[in-house]
Amino acid sequence: MILTTLDWSIIVLFFVVSLGIGVWTARTANKSSKDYFTASGKMPWWLLGVSMVATTFSADTPNLVTDIVRQNGVSGNWAWWAFLLTGMLTVFVYAGLWKRLGVVTDVEFYEMRYSGKIARFLRGFRAVYLGLMFNVMIMASVSLAAIKIGGILLGLTPGETVIIAGVVTVIYSSLGGLRGILITDFIQFFLAIVGSFIAAFVALDHPKVGGLANLLAHENVADKLSLIPSFSNPEIFMTIFLVPLLIQWWSVWYPGAEPGGGGYIAQRMFAAKDEANSVKAVLLFQITHYALRPWPWIIVALASLIVFPDLESFRTAFPGSESIINHDLGYPAMLTYIPAGLLGLVLASLIAAFMSTISTHLNWGASYLVSDVYKRFINPDASEKKLVGLGRILTVVLMILASLFALVLDNSLGAFQILLQIGAGTGLLFILRWFWWRINAASELAAMVISFLVAIYFKFVHTAIGFDPLLSWQELVIGISITTVGWIAVTLLSKPTDLSVLVSFIQKVNPGGPGWKRIINRAKEEGMTVDEPTGPWKVPYGILCMIFGSISVYGLLMGTGQFIYGNLLNGFLLLGAALLSGFGITKFWKKIF
């Protein structure tokens with residue numbers, strides 16, 4: 001595509017502003033590793049919440065949504081919409097617990113909650129597993145989107161795209177640490193939102209689409225509009241609706257939607273100035289991520305079904321792009337119709353989406369490798385200057401590995417399903433470990449190893465040894481079942497955590513609930529001082545608010561869809577349900593916080 005001087009000026013201005021923020025915050029980031037990785041825990045909720053949203057708004061997100069809509073319709077998005085339940089549980093139950101923990105990374109949890117050599121090993125293992133292996137896979141998926149966008153819009157080869165995108169992102173990410181990332185995320189978020197709305201309006205204006213009414217009436221789109229999958233197709237209904245809503249949300253670990261919180265979401269909680277700011281930040285994230293963002297992407301995806309009805313139409317329109325042809329190409333393909341002048345703004349928005357996600361994952365992954373591997377096990381006496389310097393070196397290494405892995409990926413939906421399968425069955429443990437004293441380090445290790453081996457089996461072994469392939473939901477449910485039975489068995493058969501560690505955890509975090517009564521009684525019997533929680537246990541109120549919050553956000557999401565479809569009565573009814581549920585949250589807010 002041909003970019004005008006105005007287009008290039010917008011892109012260059014965006015880079016200058018991003019790099020300027022990095023340089024401006026670099027001096028503060030150099031002070032300590034805590035400042036570099038958590039911004040010294042002094043950030044306001046609105047900045048943290050927007051940063052979470054910007055991070056999850058990556059360059060591959062519109063591609064993933066387009067892939068889902070083209071293959072499974074709008075209702076296929078329940079595969080990720082179901083994670084709202086996890087997010088609301090984090091808001092009203094776990095956000096305060098994480099902030100009270102007072103750590104730099106969430107894997108420090110292991111040595112505060114568990115005891116012995118296995119707890120230390122688990123901390124290091126989890127840091128490498130998440131910070132290196134899992135993190136590289138996530139960034140590779142995001143880089144794959146950049147490859148497709150660069151190939152379709154700018155004619156770049158995959159190698160050229162990953163080199164350009166990687167170099168720019170590494171320079172920006174390594175300068176200012178988390179504080180620089182948070183400030184830049186704030187700008188990037190609004191730029192990305194504007195770009196997505198421009199893309200939707202241009203898609204609707206395409207001659208083959210002819211506006212919203214024609215889009216919704218078109219034969220290629222009519223069977224894709226349902227917000228709830230049909231019962232008439234049990235396979236699809238199970239895969240994209242029933243299993244995600246009943247099982248997936250509490251049982252699967254997925255970045256940004258971890259049961260009980262964790263990862264870069266926890267990192268943002270640690271950066272909050274206090275517990276209230278931590279909770280509000282995560283709540284803002286859930287509302288914006290699920291209720292406000294999806295529809296522009298969905299509109300572009302639906303329009304792409306008219307302009308590019310099948311994969312062959314992509315091959316015809318973009319000869320020489322065979323290696324990246326898949327349904328997720330629909331989004332960047334539709335962007336080729338954006339006129340000069342607006343194109344630079346949309347490209348800058350996609351670059352912003354890419355950079356906001358990659359920069360967070362680079363900083364987050366480096367924080368694990370620096371704080372939980374190098375400082376904890378290799379050089380405990382390392383100076384803060386050395387730790388920050390190592391963080392910057394590891395930022396470069398992680399970007400290189402992610403870029404190389406991106407070159408062998410096929411499509412965004414496939415990567416999404418791999419990540420779900422790797423985390424299958426671990427979620428329930430992450431929810432219960434705060435409240436059931438019997439869970440120990442061996443439980444965590446077993447869950448990670450079993451879920452990973454099951455994922456490898458289904459991906460590379462199952463069909464290779466002659467078995468018929470299973471549906472994705474069947475693999476997921478089997479993986480969850482095997483992993484859950486495995487870690488519970490290991491929990492009951494292994495040695496419990498030392499009493500002194502459990503008492504220290506209770507005193508610091510104050511989780512409350514009947515799951516700790518036995519430990520409190522044992523501690524008193526042995527003459528240990530234990531400050532018991534006063535007042536009612538807050539978790540039941542938190543679960544009630546989680547339900548209200550989920551209804552409210554789903555009401556906004558579905559209501560917006562009904563308004564777009566022209567079903568005004570249904571839209572107002574859903575909006576009313578959202579408002580009533582929001583009022584319910586306000587009634588119980590003070591009981592929790």
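When A523 is tested against the conditions (1) open to solvent by 20 Å² or more (accessible area, probe 1.4 Å); (2) farther than 27 Å from F83 by Cα, the lone failure is (1).
Confirm whether G576 is over 25 Å from W297 (Cβ atoms) and either open to solvent by less than 50 Å² (accessible area, probe 1.4 Å) or in contact (Cβ under 8 Å) with a residue 40 or more places away in the chain (or both).
Working: over 25 Å from W297 (Cβ atoms): yes; either open to solvent by less than 50 Å² (accessible area, probe 1.4 Å) or in contact (Cβ under 8 Å) with a residue 40 or more places away in the chain (or both): yes.
Yes.
Does V477 satisfy the condition of being assigned to a helix (DSSP H, G or I) and of a type outside the set (S, T, Y)? For V477, the condition - assigned to a helix (DSSP H, G or I) and of a type outside the set (S, T, Y) - is met. Residue pairs whose Cβ atoms lie under 7 Å apart, sitting 6 or more positions apart in sequence or on different chains, and linking a residue in the stretch 425-448 that is on the phi > 0 side of the Ramachandran plot to a partner that is of a type in the set (S, T, N, Q), are G425/S251; G425/S451; G425/T483; G425/T484.
Please indicate, with yes or no, whether at least one residue in the stretch 165-176 is within 22 Å of L335 (Cβ to Cβ), free of Cβ contacts under 8 Å to residues at least 40 places away in the same chain and in a helix (DSSP H, G or I). Looking for residues that are within 22 Å of L335 (Cβ to Cβ), free of Cβ contacts under 8 Å to residues at least 40 places away in the same chain and in a helix (DSSP H, G or I), one finds none in the stretch 165-176, hence no. Taken together, the residues in the stretch 505-521 that are free of Cβ contacts under 8 Å to residues at least 24 places away in the same chain and touching a Lys or Arg at 6+ places or on another chain (Cβ under 8 Å) amount to 0.
Among the residues that make up the stretch 63-78, is at least one of them at pLDDT below 90, assigned to a helix (DSSP H, G or I) and acidic (D, E)? No, because not a single residue in the stretch 63-78 is at pLDDT below 90, assigned to a helix (DSSP H, G or I) and acidic (D, E). For the stretch 29-62, a residue qualifies if it is over 19 Å from F354 (Cα atoms), at pLDDT below 85 and not in a helix (DSSP H, G or I), and the qualifying residues are N30, K31, S32.
Quick check on the stretch 203-213. Is at least one of its residues charged (D, E, K, R), open to solvent by 20 Å² or more (accessible area, probe 1.4 Å) and more than 20 Å from G365 (Cβ to Cβ)? Looking for residues that are charged (D, E, K, R), open to solvent by 20 Å² or more (accessible area, probe 1.4 Å) and more than 20 Å from G365 (Cβ to Cβ), one finds at least one in the stretch 203-213, hence yes. In this structure, does G535 turn out to be touching a residue at least 40 places away in the same chain (Cβ under 8 Å) and over 30 Å from H289 (Cβ atoms)? Answer is no for this residue.
Of the helices (runs of 4 or more DSSP H) contained entirely in the stretch 360-463, those carrying at least 1 residues that are of a type outside the set (G, A, S), more than 20 Å from the chain's Cα centre (by Cα) and at pLDDT below 90 fall at 384-406, 441-456.
Has the stretch 481-493 got at least one residue that is assigned to a helix (DSSP H, G or I), in contact with a helix residue (DSSP H, G or I) (Cβ under 9 Å, 6 or more places away or on another chain) and more than 30 Å from A119 (Cβ to Cβ)? Taking every residue of the stretch 481-493 in turn, none turns out to be assigned to a helix (DSSP H, G or I), in contact with a helix residue (DSSP H, G or I) (Cβ under 9 Å, 6 or more places away or on another chain) and more than 30 Å from A119 (Cβ to Cβ). In the set (1) within 30 Å of R433 (Cβ to Cβ); (2) surrounded by fewer than 20 Cβ atoms within 10 Å (Cβ to Cβ), the condition left unmet by G20 is number (1).
Which condition does F92 not pass, out of (1) open to solvent by less than 30 Å² (accessible area, probe 1.4 Å); (2) farther than 23 Å from V553 by Cα; (3) aromatic (F, W, Y), if it passes all the others? Here F92 clears every test but (2).
When restricted to residues that are open to solvent by less than 10 Å² (accessible area, probe 1.4 Å) and in contact with a strand residue (DSSP E or B) (Cβ under 9 Å, 6 or more places away or on another chain), the stretch 41-89 contains 4.
S313: polar (S, T, N, Q), in contact (Cβ under 8 Å) with a residue 12 or more places away in the chain and in a helix (DSSP H, G or I), yes or no? If you could, list the steps in order and put the result at the bottom.
Numbers: polar (S, T, N, Q): yes; in contact (Cβ under 8 Å) with a residue 12 or more places away in the chain: no; in a helix (DSSP H, G or I): yes.
Answer is no for this residue.
Taken together, L493, L476, L502 contain a single residue that is over 28 Å from the mean Cα position of the chain (by Cα) and either in contact (Cβ under 8 Å) with a residue 60 or more places away in the chain or buried (at least 19 other Cβ atoms within 10 Å of the Cβ) (or both), which is L502. Looking across the stretch 153-199, the residues that are open to solvent by 10 Å² or more (accessible area, probe 1.4 Å), touching a Phe, Trp or Tyr at 6+ places or on another chain (Cβ under 8 Å) and not β-branched (V, I, T) come down to A165, F189, L191.
The values are calculated or read from the model by the stated rules, or taken from the named source; none is laboratory data. Note that this is a predicted model, so its numbers are computed, not measured. Every residue, glycine as well, gets a Cβ built from its backbone with ideal geometry; the counts of neighbours run over all protein chains shown. Accessible surface areas use protein heavy atoms only, side chains included; no ligands, DNA or RNA. Shrake-Rupley method; radii C 1.70, N 1.55, O 1.52, S 1.80 Å.
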